[in-house]
1. Any residue at all in segment 216-232 that is of a type outside the set (F, W, Y), over 23 Å from R91 (Cβ atoms), surrounded by fewer than 16 Cβ atoms within 10 Å (Cβ to Cβ) and at pLDDT 90 or above?
2. Cβ-Cβ below 8 Å, separation at least six or inter-chain, first residue in segment 70-98 and buried (at least 22 other Cβ atoms within 10 Å of the Cβ), second part of a helix (DSSP H, G or I) and of a type in the set (G, A, S): which pairs?
3. Considering every residue within segment 123-139, establish whether at least one is crowded, with 21+ Cβ neighbours inside 10 Å, within 27 Å of G190 (Cβ to Cβ) and either of a type in the set (G, A, S) or in contact with a helix residue (DSSP H, G or I) (Cβ under 9 Å, 6 or more places away or on another chain) (or both).
4. Mind listing just one residue for me: the one in segment 153-173 that is closer than 23 Å to L125 by Cβ and without any contact (Cβ under 8 Å) to a residue 24 or more places away in the chain and, of those, surrounded by the most Cβ atoms within 10 Å (Cβ to Cβ)?
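The values are calculated or read from the model by the stated rules, or taken from the named source; none is laboratory data. Here the structure is a predicted model, which means the values were calculated and not measured. Because the Cβ atoms are built from the backbone with ideal geometry, glycine has one as well, and the counts that use them run over all protein chains shown.
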Amino acid sequence: MSQDKAKRMPQVKAKDDARRSAKWHVRRKAIIDRSAKVFAQRGYHATSTVELCEANQLGKGALYYYIGSKEELLAAIHDRVMDEVMLGADRVALAGGSPPDQLAMLGQELLDVIVRYPDHVWVFLHEFQALTGDNAEQFRKRRREYERRVEDVFEAGTKSGHFRPRDARLSARAWLGMHNYTYLWLKADGHLSAKQVAASFADIFVWGMANSSPVTSRVIGDGVSRDFLDTL
């Protein structure tokens, strides 16, 4: 099938997805997960439709019935990562706590996603530039939404006196880079768990941002409040 013809394939839209059966959604999820592994091994551009069909044991017509197009499949993989990351951010917001504790919890949630979805995260970090049009815009919008969640914690920490005044967006990018890079070495069966790495990262990062005022000494202690670290 030519690339032009593939691009003309009907796109699977969210409003159409809602009318699909539960069985259809389960099958589509399995295709997304299996295809993420193929993309992570071969790269998005180097993977052909034939290889995706073979990996999923489907014909081309059936494959496009579930995913719409190759790029829609890539967008779905990115959405899977962002769905999980945003759910984690929501849990942190509901949990409350001091800014240092919130930062530690955000790190734990993010590393948990990286460990549970290694192939999806590889594709997310390496292949986002292949997204075009609305898919690219949606990706940028959702990524920025999560970045803003992290920035809000830094801003709250500065206002509360826990963190030194620093550019919140720059601090968030540094924090994200520190955590995102773990996809190269943090494994589910590794000698360090996601919780252990998140706790160590929180200690390192929070001390780097710490204000030397009395409020920091009382609440932060060894980097993050003892009450929170005792729960890890």
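1. No, segment 216-232 has no match at all.
2. K70/A6; L73/S35; L74/A130; I77/S35; I77/A36
3. Taking every residue of segment 123-139 in turn, at least one turns out to be crowded, with 21+ Cβ neighbours inside 10 Å, within 27 Å of G190 (Cβ to Cβ) and either of a type in the set (G, A, S) or in contact with a helix residue (DSSP H, G or I) (Cβ under 9 Å, 6 or more places away or on another chain) (or both).
4. Filtering segment 153-173 for residues that are closer than 23 Å to L125 by Cβ and without any contact (Cβ under 8 Å) to a residue 24 or more places away in the chain, the one surrounded by the most Cβ atoms within 10 Å (Cβ to Cβ) comes out as A168.
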